[in-house]
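Here's the structure, in structure tokens; my notes come after.
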Amino acid sequence: MNPLYEKLLQCYESYKAKIDFTPEVALVLGSGLGDYAKDIRVEATLDYHEIEGFPVSTVPGHAGKFIFGYVGEVPVVCMQGRVHYYEGYEMSDVVLPARLMKLMGAKVLFLTNAAGGIQLGMKPGDFMLIKDQIASFVPSPLRGANIDELGVRFPDMSEIYDPALRGIVKKAAVELGIDLKEGTYLQLSGPQYESPKEVAMCRTLGADAVGMSTACEAIAARHMGMRIVGISCISNLACGISAKPLSHKEVQEAADAVAPKFKALVTETILGIGRENAE
Ligand code: HPA
């Protein structure tokens, strides 16, 4: 058996032995959303350390556990803390949690992150619905022998972010009075923030926001046929767009400042997904 698949199954067995819960939506909590669990009806939690073979984050503020519970009537699994490529993990480990949540039963992957804004007119504190992505600067999580049990060797990426789910986010934003931006997310490896010329390059390539996560997870999830929705919190204007030097602390604080609005948007979207399923 493919050793990556074997490792994934080992994690799944470890989860299955401890948790009896089938999620519909898998939610990855980015910066600012770390305490989203307070807003949901929690049924169970599972520390990443308790899952045999599971990659555990080294970044301060990225506590690691799965939270199982309900948003309205929608069963969700939340990832409180994710691992990043810049921490030194193989891409296959970075996307293992997304794959695991699919095995748990989740059909929708809801990705959130903090990102640097590039699009004209963006302000810190804005939210950007991800319409498409550029992942060409980081290795593909699908590199190496294909895991046939998960998906095909050459998966289509023409519509990574599900149009119907994007419609639900837009509707939720209107209901909440949020001026939602929409655009392309570009993933770089980090951990350094970009130079002004790198941001200029990203803009030339058509990127509206830049960050260090998400696109790789979306590729792995699309490979498995999950429906994907993604929202970036624009925590800062990318380097060179604003003259202000970037610090992780300030980026985090900016994301925290709009967290209540971000949480409301996430909740309203999940409720919308629930209504869609009920139709
Ligand atoms: N660049 C890359 N990643 C980020 C940024 C940024 O400006 N802000 C938050 N995450």
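Multiply the residue separation of Asp35 and Glu50 by 0.36 nm, subtract the distance between their alpha-carbon atoms, and state the gained length in nm to one decimal.
Gain on stretching Asp35 to Glu50: 3.4 nm.
Would you grab the residues whose amide H sits under 5 Å from the one on Val138? Only those 5+ places off in sequence or on another chain, please, with H modelled 1.01 Å from N.
Amide H to amide H, under 5 Å and 5 or more residues apart or across chains, Val138 pairs with nothing.
Which FRET efficiency value, to the nearest 0.05, is calculated for Val174 and Glu73 with the Förster distance at 25 angstrom and r the Cβ-Cβ distance?
Plugging the Cβ-Cβ distance into 1/(1 + (r/R0)^6) gives 0.65.
Classify segment 86-194 from the C-alpha gyration tensor, please: rounded if a/c falls under 1.5, else prolate or oblate depending on whether a/b exceeds b/c.
oblate
Would you look at the GNM of the chain, springs on alpha carbons closer than 10 Å, and say which of Gly121, Gly81, Gly206 moves the most?
In this elastic network of the chain, the residue with the biggest mean-square fluctuation among Gly121, Gly81, Gly206 is Gly121.
Connecting C-alpha atoms closer than 10 Å in a GNM of the chain, tell me which of Thr112, Thr22, Thr184 has the biggest fluctuation.
Thr22
Given points 7 Å out from each Cα along the Cα-Cβ axis, report the Met157 to Leu120 separation in nanometres with one decimal.
2.8
Rounded to the nearest whole Å², what accessible area per residue is found for the chain with the 1.4 Å probe?
43
Would you mind classifying segment 1-155 by shape? Square roots of the alpha carbon gyration tensor eigenvalues, ordered a ≥ b ≥ c; an a/c under 1.5 is rounded, otherwise it is prolate if a/b is larger than b/c and oblate if not.
oblate
Starting from the 7 Å offset along Cα-to-Cβ, what nm value, one decimal, do you get for the label separation of Glu13 and Arg143?
3.0
Amide H neighbours of Leu186 under 5 Å, counting only residues 5+ apart in sequence or on other chains, H built in-plane at 1.01 Å?
Ile134, Asp208, Ala209, Val210, Gly211
For segment 1-39 and segment 223-242, what is the separation of their C-alpha centers, rounded to whole Å?
Between the Cα centre of segment 1-39 and that of segment 223-242, the gap is 21 Å.
What are the ³J(HN,Hα) couplings of segment 88-101, residue after residue, when phi is run through the Karplus curve with 6.51, -1.76, 1.60 and θ = phi - 60°? Round to Hz, x for glycine and proline.
x, 6, 5, 4, 5, 6, 4, 9, 4, x, 4, 5, 5, 5
How high is the relative contact order of segment 63-114, given as a whole-number percent (alpha carbon pairs under 8 Å, six or more residues apart)?
25
Between beta-carbons, use under 12 Å as the cut-off and find the net charge around Asn236, counting Lys and Arg +1, Asp and Glu -1.
Local charge sum for Asn236: -1.
Counting only helical runs of four or more DSSP H residues, what would the 222 nm mean residue ellipticity of the chain come to if each run contributes -39,500 (n - 2.57) and the total is spread over all its residues?
Helix contribution divided over all residues of the chain: -10000 deg cm²/dmol.
State the percentage of accessible surface on segment 44-161 attributable to carbon and sulfur atoms; use a 1.4 Å probe and exclude ligands, DNA and RNA.
Ligands and nucleic acids excluded, carbon and sulfur reach 51 percent.
Out of all DSSP beta bridges with both ends in the chain, state the antiparallel percent to the nearest 5.
Bridges in the chain that DSSP calls antiparallel: roughly 35 percent.
The values are calculated or read from the model by the stated rules, or taken from the named source; none is laboratory data. Everything quoted here is computed from the prediction, not taken from an experiment. Cβ atoms come from the backbone with ideal geometry, glycine included; neighbour counts cover every protein chain shown. Heavy atoms of the whole protein, side chains included, go into the accessibility calculation; ligands, DNA and RNA do not. Shrake-Rupley method; radii C 1.70, N 1.55, O 1.52, S 1.80 Å.
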